[in-house]
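Visitor: Let me begin by handing over the structure; questions about it come next.
Nothing in this text is a laboratory measurement; each read-out follows from the coordinates by a stated rule. All values reported here derive from a predicted model rather than from experimental measurement. Methodologically, a virtual Cβ is constructed for each residue, glycine included, from the backbone with ideal geometry; neighbour enumeration extends over all protein chains shown.
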Amino acid sequence: MDRLCKKIYALDEEKRLRQRAMLCHVYWLALHDEWHRARDLMLMSHLQAIVDHSDTDTQILYNRTICQLGLCAFRHGFIKEAHQGLSEIQNTQRAKELLAQAVAMRQHERTAEQEKLERQRQIPYHMHINVELMECVYLICSMLLEIPHMASCEFEMRRRLLSRSFHYQLKQSEKNHTHNLLFKS
């Protein structure tokens with residue numbers, strides 16, 4: 001993979017192809033648990049700054065790469081980095097759409113041609129990133145970061161939330177637990 005990407009970096013003049021090769025390289029490194037190399041390559045490429053101006057396929061590849069980087073960071077025990085990487089996708093409530101694993105259900109916003117293009121962009125099932133695993137890792141990272149923060153700011157009236165979705169899940173579980181205790185008695 002290194003040789004192929006270096007060849008593209010050296011010979012190809014098309015910016016889009018170099019960006020996609022860089023993202024594929026980072027994705028491959030993250031998938032093979034080479035966290036430090038993947039992170040360094042991503043930071044050196046400055047793709048975060050220019051991905052918003054890229055085409056849709058490149059944005060999808062960027063989102064998938066960020067997710068793999070977050071999962072790789074978690075496997076290496078870098079909780080804060082995993083949380084940062086996965087929060088970009090998890091906080092949108094549209095993870096499957098952003099990873100091109102599902103089509104948005106908002107029919108009134110698209111023409112038939114746009115929907116056809118979106119379906120063509122979808123990633124085959126065997127290449128899907130497990131969204132439930134991603135959410136689980138994100139919530140574990142949120143818990144490991146948020147609980148000490150909550151304990152240190154227990155008596156402050158205005159404490160900053162690190163993860164709204166974690167707080168929502170926590171409140172839901174507390175409500176369900178309280179509800180179950182009341183009706184079991």
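Visitor: Run the numbers on the chain and let me know its relative contact order in percent, using alpha-carbon pairs under 8 Å that are six or more apart. Could the numbers behind the result be given before it?
Guide: Working: 151 pairs, mean separation 28.2, N = 185.
Normalised by residue count, the contact order of the chain is 15 percent.
Visitor: Taking the beta-carbon count within 10 Å as an exposure proxy, list SER163, SER152 from fewest neighbours to most. Walk me through the numbers on the way to the answer.
Guide: Numbers: SER163 21, SER152 10.
Ordered by Cβ neighbours within 10 Å, fewest first: SER152, SER163.
Visitor: Right, next: Gaussian network model of the chain, Cα springs within a sub-10 Å range: biggest mean-square fluctuation belongs to which of HIS36, HIS126, HIS149?
Guide: Ranking HIS36, HIS126, HIS149 by mean-square fluctuation puts HIS126 first.
Visitor: Now for a separate question. Determine the dipole magnitude for the chain: charges of +1 sit on the beta-carbon of Lys and Arg, -1 on that of Asp and Glu, nothing else is charged, the reference point is the Cα centre, and the result goes in debye to the nearest 20.
Guide: 180
Visitor: Using θ = phi - 60° and the Karplus curve 6.51 cos²θ - 1.76 cosθ + 1.60, what whole-Hz ³J(HN,Hα) does each residue of segment 75-85 get, with Gly and Pro shown as x?
Guide: 4, 8, x, 8, 5, 4, 5, 5, 4, 4, x
Visitor: Using helices alone, I'd like the mean residue ellipticity at 222 nm for the chain: each DSSP H run of four-plus residues gives -39500 (n - 2.57), total over residue count, nearest 500.
Guide: -22500 deg cm²/dmol
Visitor: Read phi for every residue in segment 47-54 and hand back ³J(HN,Hα) as whole Hz from Karplus 6.51 cos²θ - 1.76 cosθ + 1.60, θ = phi - 60°, with x for Gly and Pro.
Guide: Values per residue, Gly and Pro as x: 5, 4, 6, 10, 5, 5, 9, 8 Hz.
Visitor: Any idea how far apart TYR125 and TYR168 come out in nm if each label point goes 7 Å out from Cα toward Cβ?
Guide: Placing both labels 7 Å along Cα→Cβ, they lie 2.8 nm apart.
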